[in-house]
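The values are calculated or read from the model by the stated rules, or taken from the named source; none is laboratory data. Only a predicted model underlies this, so the values are computations on that prediction, with no experimental measurement involved. As a convention, Cβ positions derive from the backbone with ideal geometry for all residues, glycine included, and neighbour counts pool all protein chains shown.
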Amino acid sequence: MIELFQHLFHLDFKWLFANYEASIYTVLFLVIFIETGVLIMPFLPGDSLLFTAGIFAAKGDLEIAFLLPLLMFAAVLGDNCNYWIGRKIGVKVLDIKIKGKKIINYKYLEQTEAFFEKNGTKAIIMARFVPIVRTFTPFAAGVGKMEYKKFFLFDVFGGFLWIFSLTIAGYLLGEIEWIANNIEKVCLGIIFFSALPIIIEVLKSKFGKKNA
């Protein structure tokens, strides 16, 4: 399992194809589901994984017509599980400890709540494109007992934009030789721009406290 995650973080699709063959669809489904549905795994490479999957779909290694609805379902299912965990269990889950250490960083929930306050219900859509925040947003919506119909509508739309935009981008741009030959560099760029909103907020918070 550890080896699998190591290769996932390095977006080593060649290793995944060699070891999982057709089961790679199951692996991709689980990665998207876990990142959006399990609070203790907010660092999985969702954005870059989608883009890379699109590149390999362009090469014919993955079937794009099957990949898109599969990952869309994984993203929505993960968010909905997370929403109901927040709704039924609430912040108590944040106090769970293993060997005396909390397994979930409460600061992530605080960042997400601030994101909600700033952007309102559209945060559910926008959060899809922000690492860590996208993991905690459905949980925060559940804790706040947001109306489920409203949450579901925004969540499905956000999931559609996230999955289709990044995967299709990889699918179309994957035909460009430089991108196909420099997947790691491109994915590092995606990770950087995905994390940029968090970096900006951290800097604002840091310098804001100094000024205060």
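Going by what's in this entry, would ILE104 be described as among the β-branched types (Val, Ile, Thr), buried (at least 17 other Cβ atoms within 10 Å of the Cβ) and either at positive phi or not in a helix (DSSP H, G or I) (or both)? Considered against the rule, which asks whether it is among the β-branched types (Val, Ile, Thr), buried (at least 17 other Cβ atoms within 10 Å of the Cβ) and either at positive phi or not in a helix (DSSP H, G or I) (or both), ILE104 comes out as yes. Of the residues contained in the range 1-8, none is found to be over 16 Å from THR137 (Cβ atoms), modelled with pLDDT of 90 or more and in a helix (DSSP H, G or I). Please go through the range 82-96 and pick out each residue that is closer than 15 Å to MET41 by Cα and either loosely packed, with under 14 Cβ neighbours inside 10 Å or of a type in the set (Ser, Thr, Tyr) (or both). Listed by number, the list holds a single entry, ILE96. Here GLU21 meets each of (1) more than 21 Å from VAL186 (Cβ to Cβ); (2) buried (at least 17 other Cβ atoms within 10 Å of the Cβ); (3) among the charged types (D, E, K, R) with one exception, condition (2).
Residues checked against (1) in contact (Cβ under 8 Å) with a residue 12 or more places away in the chain; (2) over 21 Å from LYS122 (Cα atoms); (3) out of contact with any Ser or Thr (no Cβ under 8 Å at 6 or more places or on another chain):
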position: ASP47; (1), (2), (3): yes, no, no
position: GLY54; (1), (2), (3): yes, yes, no
position: GLY60; (1), (2), (3): no, yes, yes
position: LEU68; (1), (2), (3): yes, yes, no
position: LEU71; (1), (2), (3): yes, yes, no
position: ASN80; (1), (2), (3): yes, no, yes
position: LYS92; (1), (2), (3): no, yes, yes
position: LYS99; (1), (2), (3): no, yes, yes
position: TYR106; (1), (2), (3): yes, yes, yes
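Being part of a helix (DSSP H, G or I) and more than 18 Å from PHE139 (Cα to Cα) is true for just one of LEU94, LEU62, LEU77, LEU50. Which residue is that? Going through LEU94, LEU62, LEU77, LEU50 in turn, just one is part of a helix (DSSP H, G or I) and more than 18 Å from PHE139 (Cα to Cα): LEU50.
Checking the structure you have, find out if any residue of the range 31-46 is under 28 Å from GLU177 (Cα atoms) and assigned to a loop (DSSP other than H, G, I, E, B).
Step one: filter the range 31-46 for residues under 28 Å from GLU177 (Cα atoms), giving 31-32, 44-46.
Applying the additional criterion that residues be assigned to a loop (DSSP other than H, G, I, E, B) yields 44-45.
Checked against the condition, which is being under 28 Å from GLU177 (Cα atoms) and assigned to a loop (DSSP other than H, G, I, E, B), the range 31-46 yields at least one hit.
If you take the residues of the range 141-172 that are basic (Lys, Arg) and assigned to a helix (DSSP H, G or I), which of them is surrounded by the fewest Cβ atoms within 10 Å (Cβ to Cβ)?
First, pick out the residues of the range 141-172 that are basic (Lys, Arg): 145, 149-150.
Restricting the remaining residues to those that are assigned to a helix (DSSP H, G or I) gives 149-150.
Numbers: LYS149: 8, LYS150: 12.
Restricting to residues being basic (Lys, Arg) and assigned to a helix (DSSP H, G or I), the top hit is LYS149.
Considering the range 108-123, the residues that are in contact (Cβ under 8 Å) with a residue 12 or more places away in the chain and more than 17 Å from GLY142 (Cβ to Cβ) include one that is surrounded by the fewest Cβ atoms within 10 Å (Cβ to Cβ), namely LYS122.
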